[in-house]
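> Dropping a structure here in structure tokens format, bear with me for questions.
What follows draws every value from the coordinates through simple rules; no lab data is involved. Keep in mind that this is a model prediction, so the values were computed, not measured. Note: ideal-geometry Cβ built from the backbone for every residue, glycine included; neighbour counts use all protein chains shown.
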Amino acid sequence: MEELYFAMCSKIIMAYKRLVGVIPVKDGRVVKSYGYKFCRPAGDVVSALRNLERWNADEILLLDISRQARIDPAIPMLIKKSGIATPLTYGGGIRCTNDVNTLLAAGCERFVLETIAFNAPEKVKELADLVGAQALIASLPLTGFGASLALEQYYAKRFGLAHEVLDPSLICRRMNELPVSEVLVIAFNREGYSGSFNLLGNDLCEKGFLSDINKGIIWFGGLSGNIAGRLLNDPQTTAVAFGNSNNEKELALTAIRGEFSRTGSAHHVRRPLLR
Amino acid sequence: MISIQPKRECRQCLYTNRHPFGLHFDETGLCTGCITHAEKTSLNWDYRFRLLEKKTARIRRNKHSPYYDCVLPVRGTPEYFFVVDVVKNRLGMNPLIVSYNSQFNSGIGIKNLDRIRDVFDVDILIYTSNPVTYRKLVRESLIRMNSIRWPYIAGETSFPVYTAVERDIPMVIWPYHQPTEQVGMHSYEEEPEMSRRSRASFDLMGLEPEEMISSETTINESDVYDLRYPAHYMLKRHRITGIYLSNYLPWDPRRFSEESIERFGALSGMNSRTFDTYDRIDDMTYMTIHDLLKYAKHGYSRVTDNLCREIRFGRITKDDARDLQSFYQAQAAGPGLDVFLDWLGMTNEALDWFFKRLPYQCNGAIGASELSVAQHSFVNSFVRNGPDVMANDHFILYGKGLDCNEVINII
């Protein structure tokens, strides 16, 4: 009986898709990032984490965009200081099991992998052995839309790939082979510009090779409430993520939840009470 | 522990990446503050003001309060005459003016507040925290954050919002968003609004009132009760939003202050450690103990903020500004410092010890005789039509500008 109860509960919980609050961090401080090329200052990490917890975000994604091949030692300390209980995902500079252990001790539950997801899949397997595939997310920064979806040029160069536009089947195979539970698809050039998401064309249905990925997708970059609501109706979507807009208005995530009802996707997400 | 980056200065203004709010640069070396400032000349401000008119008209139509349309926080500086004029006369709103008592009021600040009430025929609600508790909080914030301003900022930013909640007034109108004006946190087109997070991170230096409560200190829950921010469910229930006028008007404190002096008879006065006779003249501690602490903590003082604004508006060159920065940052705090220390129960020796703990010590400055004619004429271009800020050196004033001695004489 008890097992049945827990099975039902987990089914109910799984039915919900997540609204993720993203905190881009550079040099130990929160920034408003625009296409990862230009940043504006946006305060300290602790208050940003606590704020998203107060807003009842389903999950918080702390994304260090400093482009350093290491974990900023200040970040785990700041996470501990914040004392938040909301599920916390961390991305940026993770290279080895030591990094993950440090972040686990600080209170992170899941990890976004980007560099090693492309150029060292064996390390991803090591991490999966340590924390399980359910705790790992692969990051996929893309530009263009539909059939012309391409890995962002910066990353293509960094990973030693000859052409800007990669073979979609290669990307798809890589994502499917990795022991990760979800893929964070980032509209790289549109990140920070609300309402400019362009990966799937205007009708949001030109998914191209992304439909062949057999993992759940977290969409991030240039989303608005309306676009995110429409993406939530896609069965492949497991979460939608918002970054800069969280700095601009009070209760921004709550307002976004409110907009989902217009797109008929409100039933996909929780409606938590405000404190 | 925050990662320390190599020091980098903006190619246009005097700010560096050591600014406590954080500062970023574009590929040409221009800081985010200057990039945002450039929007003051590039945006269509007539269109933006029409956006504001639409927004406030909607509030007036749907307001819940039978009388007031908005809460308008003010201070006793000339700039706020302009703010009230915009809200009351140009937008046609009926504001409830609120002011949180800093308890270190200058005579000039009190007179300006009174004048705002008389000129614009508005109601003013002034809140004064228990002075004993206030002193306790000033001591605590000095120890924990090397700042004496925390209690005032906490009260100044929570009192208007609580007033809006209690009186069911749907809008709070702030003049400007300091992180946007100084370091360009937002573009004006993003139309940032008041938020608890911005308050906690920038205004309160990352420390919310609840965190002040500690068994190691004498601060208890009742001491910070009136400094807390309303809960989110209260803001949502009353549909309260807080907007910044600077998103809809090209914000220029100097021009607005001079206009207020000319049109409404606002008072300006000489302040210590700066040339700006309009900025923070309502508070006798701002340019004394607070400014010294600011320099000792961050390596720059308020005059740098004033100069960066003037550089961005093209009213002074960077080279001239650097000389003035050096001249004013080395100035003494004036007589107000001793009065403040008496009030706080702190000796000069203790203050010296306190400053030695902080990273920046002021050394080397240029004298007044070394300033050029152009620099002197820039300084003299600021209007002075009132008494000096430190003309009244008593920190607690009773009633309208009556100081302790006057009250005793009356009794």
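> Going by Cα centres, segment A:89-106 and segment B:326-395 are how many Å apart?
One Cα centre to the other: 48 Å.
> Moving to a separate point now. In which sequence would A:THR97, B:THR180 go, from the one with the fewest C-beta neighbours within 10 Å to the one with the most?
With the fewest neighbours first, A:THR97, B:THR180 line up as A:THR97, B:THR180.
> OK, next. Taking amide H positions as placed in the peptide plane 1.01 Å from N, state which residues far from A:ILE23 in sequence (5 or more) or on other chains have amide H under 5 Å from it.
A:LEU61, A:LEU62, A:LEU63
> Kindly list the residues of segment A:116-146 that lie in the label zone of A:SER196, defined by a backbone N under 19 Å from the point 7 Å along the Cα-to-C-beta vector.
A:141-146
> Shifting gears a bit: Over segment B:44-247, with a single point scatterer placed on each C-alpha, what log10 of the ratio I(q)/I(0) does the Debye formula yield at q = 0.08, 0.10, 0.11, 0.19 1/Å?
-0.28, -0.44, -0.53, -1.50
> Counting pairs of alpha carbon atoms under 8 Å apart in space and at least six apart in sequence, what relative contact order in percent does chain B give?
21
> Based on Cα positions only, what radius of gyration and what Dmax would you give for chain B, in angstroms?
Computed over the Cα atoms of chain B, radius of gyration and Dmax are 20.9, 66 Å.
> Mind giving me the FRET efficiency for B:ASN380 and A:GLU126? R0 is 60 Å, r the Cβ-Cβ distance, nearest 0.05 is fine.
Plugging the Cβ-Cβ distance into 1/(1 + (r/R0)^6) gives 0.30.
> Still on this structure, I have one more. Take the alpha-carbon centre of segment A:113-137, take the same for segment B:189-203, and report the distance between them in whole Å.
Cα centroid to Cα centroid, the span is 37 Å.
> My understanding is that a pair violates if its Cα-Cα distance is over 18 Å; which of A:LYS32/B:LYS236; B:LYS54/B:LYS88; A:LYS32/A:LYS215; A:LYS32/A:LYS157; A:LYS32/B:LYS55; A:LYS249/B:LYS55 do that in this structure?
Among A:LYS32/B:LYS236; B:LYS54/B:LYS88; A:LYS32/A:LYS215; A:LYS32/A:LYS157; A:LYS32/B:LYS55; A:LYS249/B:LYS55, the Cα-Cα distance tops 18 Å for A:LYS32/B:LYS236; A:LYS32/A:LYS215; A:LYS32/A:LYS157; A:LYS32/B:LYS55.
> In nanometres, what is the gap between the two model label sites at B:THR41 and B:ARG135, each 7 Å from Cα along Cα-to-Cβ?
The modelled label-to-label distance comes out at 5.1 nm.
> Quick one: if the Förster radius is 30 Å, what FRET efficiency do B:ASP342 and B:TYR127 give, using the C-beta to C-beta distance and rounding to 0.05?
E(calc), rounded to 0.05, equals 0.75.
> State which stretch of chain B is the longest one without any exposed GluC sites (Glu not before Pro), exposure meaning a DSSP loop state and at most 16 other Cβ atoms within 10 Å.
B:217-411
> Based on alpha-carbon positions alone, could you give the equivalent ellipsoid semi-axes of chain A from the gyration tensor, as √(5λ), descending, whole Å?
Sorted largest first and rounded, they come to 25, 23, 21 Å.
> For a paramagnetic label modelled at 7 Å from the Cα of A:MET77 toward its Cβ, which residues of segment A:103-124 fall within the zone defined by backbone nitrogen distances under 18 Å?
A:103-108
> Ok, one more. Scattering from the C-alpha atoms of segment B:180-311 alone, worked out with Debye: what is log10 I(q)/I(0) at q = 0.12, 0.14, 0.18, 0.22 1/Å?
Listed by q, the Debye log ratios stand at -0.71, -0.95, -1.30, -1.34.
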